[in-house]
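In what follows, a structure is listed as structure tokens, so that the remarks can point back to it.
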Amino acid sequence: MNRLDDDKIRLLLVDDEDGFRKIITKRLAKRGINPFQAASGEECLNILEKEPMDVVVLDVKMPGISGIDTLKVIKQEYEKIQVILLTGNVAVTDGIEGIKSGAFDYLTKPVEIDHLVNKIRQAFEIICLEEEKQKELEYRAKLEKKMIDTERLISLGTMSTGIAHEINNPLAIINESAGFMKYILSSSEMSNIPRKDALMMGIEKIEKSVKRASLITHQLLGHVKKQKSLLSNVDILSLLHETFGLMEKDIKDKQININWEIDNEKNIVWSDPYQIRQVLMNLLSNAVHALKENGSITLSTREIDDDIILEIKDNGVGIPRENLGKIFDPFFTTKSFDEGTGLGLFVVHKILSGLNGGIDVTSTVGKGSCFQIRLPKYDKSNG
Ligand SMILES: Nc1ncnc2c1ncn2[C@@H]1O[C@H](COP(=O)(O)OP(=O)(O)OP(=O)(O)O)[C@@H](O)[C@H]1O
Ligand SMILES: [Mg+2]
């Protein structure tokens with residue numbers, strides 16, 4: 001381990017002999033390690049309740065709670081702390097019992113300071129390795145979950161776009177037939193038929209439902225047909241302006257503030273403007289919908305390596321934790337029949353995956369949501 005890391009070690013030195021503690025503390029300090037001190041097992045446990053520690057150097061023979069009992073409590077309550085025991089030179093059995101109870105190692109008194117420092121470093125190294133291992137495990141679990149989510153969405157996507165495609169034809173026929181029935185019903189020969197109004201209402205209901213179903217199939221199929229050849233330099237800033245232009249009425253009605261924190265130079269990507277416009281439209285309309293009057297939307301961009309990150313943040317209603325895992329699913333919506341289909345974010349996710357980008361979300365109920373879109377600056381598929 002690097003000696004430069006010595007000052008990061010949080011060490012607690014526990015010994016009832018004041019003189020011994022002072023000398024060891026001074027010598028450790030000279031080597032860049034500044035320990036906390038405790039004069040008994042009780043004091044040691046009190047300190048551990050308040051201060052996070054990495055390594056405890058613990059005298060075995062102490063009045064009150066013995067070193068071994070203190071060790072047992074430490075190992076039970078603070079799994080990650082490594083303990084080095086200090087035993088009298090005739091009491092090797094204490095050391096062995098200590099190791100059985102989970103001590104990292106033991107040293108016999110009188111202690112050779114460099115030997116102690118080496119042991120402390122070794123113990124700290126183990127802690128660091130374990131932390132790294134833990135982090136890697138967490139990272140892997142997160143990655144796996146993301147992969148499963150993505151795979152699930154991809155297969156749902158394939159299935160639902162397939163269905164959308166199949167449904168388009170019958171929908172067109174239903175719509176045409178409804179229109180034809182309306183036409184016949186409006187002719188003079190039908191002017192006196194009984195319950196004409198009820199029939200007309202029924203046809204209009206059919207037309208309204210067909211319209212909604214078409215909206216769904218168009219959302220699903222809208223981006224599928226687009227070819228790679230449509231890639232060009234996309235200026236995210238002007239696309240955002242364009243998209244807001246389409247939503248001007250809602251923004252004015254709700255008196256929404258837009259905060260622009262966009263770096264003029266960091267918002268150009270080589271991508272498909274048509275698809276990105278759809279992504280922005282879907283995300284911004286969600287943000288506007290989530291806001292009450294006088295709410296605000298903050299837009300910012302930044303660059304990370306070869307990616308541009310666009311952040312769309314609103315201070316609206318927020319998304320409950322239990323919904324966060326579902327919002328990218330097709331047809332998940334908390335909106336009423338007239339307000340939403342639940343396809344907006346699903347399509348956003350699908351488009352961004354197709355463009356080698358991605359999306360992340362953080363949200364707190366009552367405080368707002370933040371969607372982060374990642375887009376590669378260049379077309380990675382062409383090298
Ligand atoms: N900015 C946001 N703030 C709060 N909730 C949001 C936000 N964006 C999405 N949601 C939640 O995620 C759900 C799914 O969003 P999504 O855009 O996929 O569908 P939708 O908006 O309900 O319908 P549409 O298909 O018309 O977009 C929403 O119903 C809403 O509950
Ligand atoms: Mg939406």
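The values are calculated or read from the model by the stated rules, or taken from the named source; none is laboratory data. Everything numeric in this text was worked out from a predicted model, so none of it was measured. Here Cβ is always computed from backbone atoms with ideal geometry, including for glycine, and neighbour counts include all displayed protein chains. Surface areas here come from the heavy atoms of the whole protein model, side chains and all, with no ligands, DNA or RNA. Shrake-Rupley method; radii C 1.70, N 1.55, O 1.52, S 1.80 Å.
Which of the residues that make up the stretch 319-344 are within 12 Å of ligand 2 (Cβ to nearest atom), modelled with pLDDT under 90 and open to solvent by 50 Å² or more (accessible area, probe 1.4 Å)? F331, E339 - these are the residues of the stretch 319-344 that are within 12 Å of ligand 2 (Cβ to nearest atom), modelled with pLDDT under 90 and open to solvent by 50 Å² or more (accessible area, probe 1.4 Å). Please go through the stretch 305-318 and give me each residue that is touching a strand residue (DSSP E or B) at 6+ places or on another chain (Cβ under 7 Å) and away from ligand 2 (no atom under 13 Å from the Cβ), ordered by number. Correct list: D306, D307, I308, I309, L310, E311, K313, N315, G318. All conditions in (1) within 16 Å of ligand 2 (Cβ to nearest atom); (2) exposed (fewer than 14 other Cβ atoms within 10 Å of the Cβ) hold for V347, with the sole exception of (2).
Evaluated against (1) within 16 Å of ligand 2 (Cβ to nearest atom); (2) free of Cβ contacts under 8 Å to residues at least 40 places away in the same chain; (3) open to solvent by 20 Å² or more (accessible area, probe 1.4 Å), S285 falls short on exactly one condition, (2).
Just the residues that are away from ligand 2 (no atom under 15 Å from the Cβ) and under 19 Å from T301 (Cβ atoms), please, taken from the stretch 353-367. Lay out the reasoning, then the answer.
Residues of the stretch 353-367 that are away from ligand 2 (no atom under 15 Å from the Cβ), as a first pass: 353-358, 360, 362, 364-367.
Within the stretch 353-367, L355, N356, G357, G358, D360, T362 qualify.
Inside the stretch 112-154, residues that are surrounded by 14 or more Cβ atoms within 10 Å (Cβ to Cβ) and of a type in the set (K, R) make up a count of 2.
Scanning the stretch 25-75 for residues that are in contact (Cβ under 8 Å) with a residue 40 or more places away in the chain, among the β-branched types (V, I, T) and more than 17 Å from T108 (Cα to Cα) gives I33, V55, T70.
Would you point out which residue out of D272, D253 is away from ligand 2 (no atom under 16 Å from the Cβ), acidic (D, E) and open to solvent by less than 80 Å² (accessible area, probe 1.4 Å)? Lay out the reasoning, then the answer.
Values: D253 fails: open to solvent by less than 80 Å² (accessible area, probe 1.4 Å).
It is D272.
Quick one: would you say L343 is closer than 23 Å to E242 by Cβ, touching a Leu at 6+ places or on another chain (Cβ under 8 Å) and more than 9 Å from ligand 1 (Cβ to nearest atom)? Taking the combined requirement at face value, the residue does not satisfy it. Checked against (1) among the basic types (K, R); (2) within 15 Å of ligand 1 (Cβ to nearest atom); (3) in contact with a strand residue (DSSP E or B) (Cβ under 7 Å, 6 or more places away or on another chain), R302 passes all but a single condition, namely (2).
When the stretch 189-236 is filtered for residues that are aliphatic (A, V, I, L, M), within 21 Å of K350 (Cα to Cα) and either outside any helix (DSSP H, G or I) or at pLDDT below 90 (or both), the ones remaining, listed by number, are A213, L215, I216, L220, L221, V224, L230, L231, V234. Within the bounds of the stretch 292-301, is there any residue that is surrounded by 21 or more Cβ atoms within 10 Å (Cβ to Cβ), small (G, A, S) and over 19 Å from Q219 (Cα atoms)? No, there is no match, as no residue in the stretch 292-301 is surrounded by 21 or more Cβ atoms within 10 Å (Cβ to Cβ), small (G, A, S) and over 19 Å from Q219 (Cα atoms). Residue count for the stretch 356-383 under the criterion of being part of a loop (DSSP other than H, G, I, E, B), under 20 Å from I308 (Cβ atoms) and either charged (D, E, K, R) or within 20 Å of the chain's Cα centre (by Cα) (or both): the result is 4. Against the test of being under 30 Å from V210 (Cα atoms) and small (G, A, S), the options G295, G344, G316 yield a single qualifying residue, G344. Quick one: would you say R195 is within 37 Å of the chain's Cα centre (by Cα) and not polar (S, T, N, Q)? When the stated conditions are applied, R195 does not pass them. Residue selection: I174 satisfies the criterion of being open to solvent by less than 90 Å² (accessible area, probe 1.4 Å), within 30 Å of F332 (Cα to Cα), among the β-branched types (V, I, T) and not assigned by TED's automatic domain parsing to the domain that holds I308.
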